[in-house]
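One structure is given here, and the rest of the page talks about it.
The values are calculated or read from the model by the stated rules, or taken from the named source; none is laboratory data. Here the structure is a predicted model, which is why all the values come from computation and not from measurement. Cβ placement follows ideal geometry from the backbone for every residue including glycine, while neighbour counts extend to all protein chains displayed. We work out accessible area using only protein heavy atoms, side chains counted, and drop any ligands, DNA or RNA first. Shrake-Rupley method; radii C 1.70, N 1.55, O 1.52, S 1.80 Å.
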Amino acid sequence: MILQALVKRYEDLLGQEEAKVPRLGWGKTKVSFGLNLDTEGGVEDLFVLRVSQKTGKKEVMAPRTLEVPMPVKRAVDIKPNFLCDNSTYLFGVDEKGKPERSLQCFQACRELHQKVLGEVDTPAARAVLRYFETWDPGQAMGQPFFAENQKELMAGANILFYFDGKSVLQDGAVRQAWQAYYDRTDSGNTGICMVTGREASLATLHPTIKGVTGAQAMGTSLVSFNAPAFCSYEKEQGGNAPVGEYAAFAYAAALNELLEDKAHKKVIGDTTVVYWAEGGGAVYQDVGLAAMFGADEGGGITDQELSMIFDRIQRGEPIKVEDQWLDTEKHFYVLGLAPNAARLTVRFFLTDSFGNMLRHVGEHYKRLEIVKPAYDNFQTLPMWKLLSETVNKNAKDKTPSPQMAADTLQAVVMGRPYPASLLNGVMIRIRAEKDVTRGRAAIIKAYYLKNGNRDCSREEGVLEMELNEQCNNVPYTLGRLFAVLEHIQQEANPGINATIKDKYFNAAASTPAQVFPVLLNLAQKHLRKLSDGQKIYFDQQIGGLMERIGEEYPRRLNLPKQGSFQLGYYCQTQKRYQKKEEK
């Protein structure tokens with residue numbers, strides 16, 4: 001299913017006027033230098049092709065990504081590339097201390113170019129052939145152009161042939177010769193392709209995938225077999241998953257294009273996430289980016305536009321973005337990839353109609369709605385903000401749990417129950433920091449609204465957006481009472497650094513029968529320091545809440561009831577600050 005969707009993506013891109021993907025037999029690679037030849041195959045100069053690129057706050061010189069003849073996939077064997085390769089193959093030298101092997105690489109490269117260009121009679125082709133006839137690997141180190149760039153060349157930088165200041169690939173006859181050579185080359189093994197369902201030459205090795213965060217920079221494999229334990233029925237390598245060479249090339253080209261698009265690629269935990277609509281343009285990705293990760297992540301979609309989109313989806317009305325009507329019935333795909341040694345792990349692959357996914361995300365944001373502090377500028381809680389609530393703010397590595405992050409995204413996009421690990425992560429941070437933030441309160445509310453629990457339910461008025469003063473739920477009311485007692489202490493001791501929350505919050509939320517008598521006794525002492533008007537006001541508040549609690553405090557509160565306690569505390573605290581702002 002994944003490979004079929006990616007092949008379809010490749011064909012959609014190929015049909016566009018300005019194709020973003022290479023055709024069969026061609027690929028994109030990073031090129032650092034151009035080797036300019038004269039008519040006799042001599043080297044006129046070696047010039048830099050690197051371009052300035054912004055990485056974070058720094059400007060660095062990075063290789064230029066160019067379309068070149070399809071690069072081969074190497075292990076330890078000798079396999080040359082056509083017209084674009086490193087110094088080992090084009091110059092016959094390296095610093096690995098194996099001059100004989102370097103010479104073999106150069107000879108293999110010369111033979112390849114003679115096979116491809118042997119019958120091409122153009123100046124550029126003749127210059128390349130002449131170069132391989134006259135170049136002496138033993139004299140390479142003494143060349144001035146080589147000495148000036150030796151460090152980069154020895155590090156494996158790619159070099160592309162030029163003739164008379166122009167890339168040899170601009171020669172139409174050279175391109176045709178390569179295409180004919182590539183089309184004649186196959187694995188020698190034919191069968192039914194499991195992706196297309198047609199008989200085809202099967203790929204022995206699949207192209208590499210680049211751009212997954214944390215994976216090898218040189219590229220990793222999505223499909224590979226490199227040990228007997230992974231093979232069946234004595235089949236070797238690609239024979240264990242018969243995929244035609246065209247399908248292997250197409251899915252890799254489409255996936256690499258998605259991973260190169262930094263504007264629409266996101267990372268959560270250790271998972272790199274890409275997404276696309278079948279047959280759709282970038283506008284679907286823009287809306288998907290804003291919906292899944294927040295409008296502040298880019299894509300040109302504002303919070304107001306996103307809210308309008310969710311409202312229209314819920315009402316079943318058509319959506320227009322950037323003067324384009326969106327087809328909500330289009331298939332939308334979300335693919336999550338994580339590094340795993342020399343391979344990629346598929347964390348998840350989600351597929352549904354574009355409208356259904358937006359509907360699920362909109363419902364998720366609705367569940368998260370809760371009263372917020374005045375200083376909080378987030379209209380909605382984006383995914384990164386949500387996941388950060390499970391992370392220790394003082395930790396050096398603020399990356400959330402990879403599996404929890406992936407499970408949460410799946411739950412949001414597909415409308416599934418939230419993972420228990422999300423709630424557990426929030427509860428751990430509340431116990432450790434004794435702080436119920438907007439994000440943590442919103443997660444508790446959304447979790448029990450979606451997953452359901454009789455100890456923390458909407459029916460009792462706990463899971464509301466704002467403070468529910470009519471709620472009779474005991475844990476919720478205890479949370480409110482704790483907030484009132486903390487308020488009394490702060491009024492009695494202005495500027496106090498540590499409140500009862502720092503010492504008693506966790507115990508009050510889990511074993512209220514042991515803690516609240518102590519807190520009420522302490523509150524009476526604090527009330528003596530206040531004015532008569534304040535005493536009356538706080539006595540009325542305490543009395544009203546005590547009537548709802550009853551004669552006995554619960555001995556213990558389980559996890560859902562602790563969530564009710566924390567929601568009551570949060571909403572009561574926000575109500576107090578709201579009144580101050582009104583005054």
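Axis of helix 532-549 versus longest Cα principal axis of the chain: the two differ by about 80°, to the nearest ten degrees. Most simply put, the chain has about 90% antiparallel DSSP beta bridges, counting only bridges with both residues inside it.
Counting lysine pairs in the range 1-101 whose alpha carbons fall under 16 angstrom apart, excluding pairs fewer than 8 residues apart on the same chain, gives 5. Listed values for the range 110-127 are Karplus-derived 3J(HN,Hα) couplings in whole Hz (6.51 cos²θ - 1.76 cosθ + 1.60, θ = phi - 60°), namely 5, 4, 4, 5, 5, 5, 6, 9, x, 10, 9, 10, 10, x, 5, 5, 5, 5, and x replaces Gly and Pro.
Specify whether the C-alpha gyration tensor of the chain places it in the rounded, prolate or oblate class, a ≥ b ≥ c being the square roots of the eigenvalues: rounded for a/c under 1.5, otherwise prolate if a/b is larger than b/c and oblate if not. Walk me through the intermediate numbers first.
Details: a/c = 2.99, a/b = 2.51, b/c = 1.19.
The shape class here is prolate.
Annotation for the range 448-502 versus the range 317-396: alpha-carbon center distance of 29 Å. Accessible area per residue for the range 106-150 is 52 Å², calculated with a 1.4 Å probe on protein heavy atoms, without ligands, DNA or RNA. Rounded, prolate or oblate, given the Cα gyration tensor of the range 330-412, with a/c below 1.5 counting as rounded? Oblate, since a/c reaches 1.5 and b/c is not below a/b. A 1.4 Å probe run over the protein chains yields, for the range 418-474, 42 Å² of accessible area per residue, whole-number rounding.
Compared with the dominant principal axis of the Cα atoms in the chain, helix 438-451 is inclined by about 90°.
Longer than 22 Å from Cα to Cα, which of K372/K393; K396/K434; K372/K503; K115/K151 are they? Say none if no pair is. Before the final figure, lay out the partial values.
Details: K372/K393 20 Å; K396/K434 20 Å; K372/K503 25 Å; K115/K151 32 Å.
Where the Cα-Cα span goes over 22 Å, the pairs concerned are K372/K503; K115/K151.
Taking a sphere under 15 Å around the Cβ of A498 and counting the other residues whose Cβ falls inside, with K and R at +1 and D and E at -1, yields a net charge of -1. Taken as Cα centroids, the range 110-189 and the range 32-103 sit 10 Å apart, rounded to the nearest whole angstrom. With all protein chains in place and a 1.4 Å probe, the accessible surface of the chain carries 48 percent carbon and sulfur. Can you give the FRET efficiency for E111 and A341, using 1/(1 + (r/R0)^6), R0 = 25 Å, r = Cβ-Cβ distance, to the nearest 0.05? The calculated FRET efficiency here is 0.15.
Between F163 and L37, V168, the built amide H atoms are under 5 Å apart, and every one of these is 5 or more places off in sequence or on another chain. Amide H to amide H distances under 5 Å link G27 with V68, M70, where only residues 5 or more positions off or on other chains count and H is placed in the peptide plane.
Net charge dipole, the range 435-583: roughly 360 debye, given to the nearest 20, about the Cα centre with Cβ charges of +1 for Lys and Arg and -1 for Asp and Glu. Our estimate of slack between E305 and D397, defined as 0.36 nm per intervening residue step minus the Cα-Cα distance, is 29.7 nm. Against the chain, whose longest principal axis is taken from its Cα atoms, helix 282-293 shows a tilt of about 40°.
Please list log₁₀ I(q)/I(0) at q = 0.13, 0.21 Å⁻¹ for the range 76-194, using the Debye equation with identical point scatterers on the alpha-carbon positions. Values returned for q = 0.13, 0.21 Å⁻¹ are -0.56, -1.23.
Is the shape of the range 1-65 best called rounded, prolate or oblate, per the rule: a/c under 1.5 gives rounded, else a/b larger than b/c gives prolate, else oblate, with a ≥ b ≥ c the square roots of the Cα gyration tensor eigenvalues? In terms of gyration-tensor shape, oblate.
Place +1 on the Cβ of every Lys and Arg and -1 on the Cβ of every Asp and Glu in the chain, take the dipole about the Cα centre, and give the residue among N149, V168, A374 whose Cα lies farthest towards its positive end. Final value for the positive-end residue is A374. Computed about the Cα centre, the dipole magnitude for the range 227-346 is approximately 320 debye when only Lys and Arg (+1) and Asp and Glu (-1) carry charge, each at its Cβ. For N392, neighbours were defined as the other residues whose beta-carbon sits under 10 Å from its Cβ, and their charges (Lys and Arg +1, Asp and Glu -1) total +2. Within 10 Å of each candidate Cβ there may be at most 10 other Cβ atoms; applying that plus a DSSP loop requirement, which chymotrypsin sites (Phe, Trp or Tyr not before Pro) in the range 287-385 survive? Here the sparse-neighbourhood loop sites are Y375. Exposed loop sites here mean GluC sites (Glu not before Pro) with a DSSP loop assignment and at most 10 other beta-carbon atoms within 10 Å; the chain contains its longest site-free run at 330-550. For the range 430-583, the Cα-based Rg and Dmax, in that order, read 14.9, 46 Å. Take every pair of alpha-carbon atoms less than 8 Å apart whose residues are at least six positions apart; their mean separation over the length of the chain yields a relative contact order of 10 percent.
Calculated FRET efficiency, T185 to S52, Cβ-Cβ distance, R0 = 35 Å: about 0.40 to the nearest 0.05. For the range 518-561, the list of trypsin sites (Lys or Arg not before Pro) that fall in a loop by DSSP and count at most 14 other C-beta atoms within 10 angstrom reads R528, K529, R555, R556. Extension gain, N497-A432: 0.36 nm per intervening residue step, less the Cα-Cα distance, totals 21.6 nm.
Candidates L37, P80, V51 compared by Cα position along the dipole of the range 29-112: farthest toward the positive end lies V51, with charges placed on Cβ.
Positive contributions from Lys and Arg (+1) and negative ones from Asp and Glu (-1), summed over other residues with Cβ under 13 Å from the Cβ of E11, come out at +1.
What FRET efficiency comes out for the pair E59/E551, r = Cβ-Cβ distance, R0 = 60 Å, nearest 0.05? Walk me through the numbers on the way to the answer.
Values: r = 71 Å, r/R0 = 1.18.
Computed FRET efficiency for E59 and E551: 0.25.
Straightening the chain between D38 and M465 buys 146.2 nm, computed as 0.36 nm per residue apart minus the Cα-Cα spacing.
Approximating the spin labels as points 7 Å out from Cα along Cα→Cβ, the K166-to-E95 distance works out to 3.7 nm.
Using Cβ point charges alone (K and R +1, D and E -1), the dipole size of the chain about the Cα centre works out to roughly 2540 debye.
Restricting the range 367-427 to trypsin sites (Lys or Arg not before Pro) that sit in a DSSP loop and have at most 16 other Cβ atoms within 10 Å of their own Cβ leaves K393, K396, K398. The residues of the range 483-583 have, on average, 54 Å² of accessible surface per residue, using a 1.4 Å probe with all protein chains present.
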